[in-house]
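Below is one structure, written out as structure tokens, with a few remarks after it.
Just so it is clear, none of the values below were taken in a lab; they were calculated from the coordinates. Bear in mind that the values here come from a model prediction, so they are computed numbers and not experimental data. In this analysis, Cβ positions are derived from the backbone assuming ideal geometry, glycine residues included, and neighbour counts consider all displayed protein chains.
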Amino acid sequence: MEAHPTSYSMITHQRLRSMKLTMKHGEGLAAFLFLLPNILGFLLFSMIPTLASFGISFLDWGLLNSPSFIGFTNYRELFTDDVFWLALKNTASYSFIKVPLNLMLSLLLAILLNKQLHGRNFFRSIAFLPSVCSSVAVALIWTPLLESSENGLINHVLSLLGINVIPFLVSPFWAMPSVILVGLWKELGYFMVIFLAGLQGIPRSYYEAASIDGANSRDVFFHITIPLISPTTFFALTTSLIGSFQIFDLTSVLTKGGPANATNTLVMYIYQNGFQFFRMGYASALSLILFITIFIITLVQNHYSDKWVFN
Amino acid sequence: MKTQVATIQWRKVTKNWVWYVLLVLLAAFFFIPFWWMIATSFKTYSEVYTKQYSLIPTSFNFDNYREVFNALPFGVYLWNTIKVSSLVIIGTLTTSSMAAYAFARLRFKGRDVLFFLYLATLMIPRQVVLIPNFIIFRELGLLDTHWSLILSGIFTAYGTFLLRQFFLSIPKELEEAAVIDGYGYWARFVHIIIPLSNAALTTLLIITLLAIWNEYLYALVFLQSDVNRTLTLGIALLRGDFDVKWNQVMAATLISIAPIVLVYLSAQRYFVEGIALTGVKG
């Protein structure tokens, strides 16, 4: 490119325009060819399945028998299905408790590791390490730690402090908090990295101006850092919330949805209906509920975003 | 002079001691579970279930590793995971960058409608299309083959969206100059756009790698035979209901995360910069 800087400037506008016209002829064909591989896969594995999912939700279909149309029966069943409501409640409480904790803690972690401290790169690496491991591996690592006897490391430490054994994974009360703890351990480092990028994007001059004006660190945090990092917070909130509503891997290994469905989630219930009870129609109706839930959350978030996201 | 510098540095450390204490506590929170996995994987069964909480195992015996390797075909799992992951990464990078180029640079009928459809599917969780995908792969006879996992992993709207946004930020003038030199669409795509998009392509590569390497639900639904399993699926099935030997499970877990952890440690900068970029663009 650098070899022809003059030839470009010598070209008249008219010639350039006529070249563009001749190009235009092949442009549609080129676009078609560029899009083809992706669009084929997109249609076959994403677009058509989405529509199909909607259609299947009106069927009674056990895969082995032939499907029969049953109208809204699957949707009517949802209203009286206690396990569905419990799974929905569990998914929502996991998300609405974990996500705010996640955002607060990962922002604080990012602020701490953005300071000029020795060895901060080393600490950043350790904090990010769980994010590269699969949720399955993370759940396996944590299961023995959370064991409900003094064999479990955490209960052992608690017993040294004189605290009775906590049945982390086997009591309906403690199971969800335990899943949230493990979920946080896995995700904090990931969102720390996202917040670090956001923090580094805030111009230094703002902080310098604030310190000249004699602002204390609390003022700086609430009046500079928080507003200026709000686009990153919005992104993190959206990603984290959508991801949380799809929780499956962690609970399926850590608690298997138990005890007594205390950690059963929407996706797990879709999986159970589809591939353990072989009720394709009902599972599809459930997955539409998942989609609608996520869709509503996204809409609500976008609607309120201009009230607090500073652009 | 040297001691002076040292005292100044030491003063800095003592001034910030609160932060260092916090840092050490946080490092412990993140690292102890990993350390406990490593320690347990070297312990004997009786050592795990006696209440001696040694953070360091009394002896480094590799029996657990030997037994786990005898019980599970880890070599096959690893190969399957590498095969599936590489094909998904190659497929995603190629097809999304091509589609992104068309969306960013070419004018054609229905472009905006089509792009809107892509954007709309960004909001559709993958679990929604799980059942239809299962039926499609059953009809195609691809269940229990790696193709089901590969094909369902390649075509994400996210990749196309991310790359399109990045391509739009590349100055058009660079391509206009190339048109005069007689470059066609393909040549401009390969020789101008792709070389300038390393950052975005790395991001997509890292995100795709983490997603497919750690994929569980789709693997669980699509793959049945042991010889087809991936690492994540293979170790998930170790959590039986009764009599789990945690020292062996920890050995297996360590083996399963070792490859991706090694990749991360050797290419850390790319992981961190790649993830950071997803947040900056928003």
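Tabulated data for the structure shown
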quantity	calculated
For the protein assembly as shown, calculated [θ]222 nm from helices alone, where every DSSP H run of n ≥ 4 adds -39500 (n - 2.57)	-23000 deg cm²/dmol
Chymotrypsin sites (Phe, Trp or Tyr not before Pro) within the stretch A:141-213: DSSP coil, no more than 14 neighbouring Cβ in 10 Å	none
Over 24 Å (Cα to Cα) - which of A:98/B:15; A:186/B:15; A:89/A:256; B:109/B:172 fall in this group	A:98/B:15; A:186/B:15
Two-site label geometry, residue A:27 and residue B:190: point separation in nm, points 7 Å out along Cα→Cβ	2.3 nm
Distance between the stretch A:69-97 and the stretch B:159-233 - C-alpha centres, whole angstrom	37 Å
Segment residue B:181-residue B:147, length gained on full extension (0.36 nm per residue, minus Cα span)	8.1 nm
Förster radius 56 Å - calculated FRET efficiency between residue A:75 and residue A:150 (Cβ-Cβ, nearest 0.05)	0.70
Two-site label geometry, residue B:139 and residue B:46: point separation in nm, points 7 Å out along Cα→Cβ	6.1 nm
Sorted by Cβ neighbour density within 10 Å, fewest at the top, the residues A:194, B:193	B:193, A:194
Tensor-based shape of the protein assembly as shown (alpha-carbon gyration tensor, a/c under 1.5 rounded, otherwise prolate or oblate)	oblate
Förster radius 25 Å - calculated FRET efficiency between residue B:94 and residue B:199, Cβ distance, rounded to 0.05	0.90
Simple Cβ-charge dipole of the stretch B:130-232, Lys/Arg +1 and Asp/Glu -1, about Cα centre, in debye nearest 20	140 debye
Euclidean distance of C-alpha centroids, the stretch B:25-80 and the stretch A:180-213, integer Å	34 Å
Span from the the stretch A:31-66 Cα centroid across to the the stretch A:253-292 one, whole angstrom	21 Å
Exposure rule at most 15 other beta-carbon atoms within 10 Å, DSSP loop trypsin sites (Lys or Arg not before Pro): chain A longest free segment	A:116-255
Point-to-point label distance, residue B:38-residue A:170, nm (Cα→Cβ direction, 7 Å offset)	3.1 nm
Cα gyration tensor shape of chain A, rounded if a/c is under 1.5, else prolate or oblate by comparing a/b with b/c	oblate
For A:118, B:146, order by how many other beta-carbon atoms lie within 10 Å, fewest first	A:118, B:146
Cα gyration tensor shape for the stretch A:72-200, rounded if a/c is under 1.5, else prolate or oblate	oblate
10 Å Cβ neighbours from other chains, averaged over peptide B:21-31	5
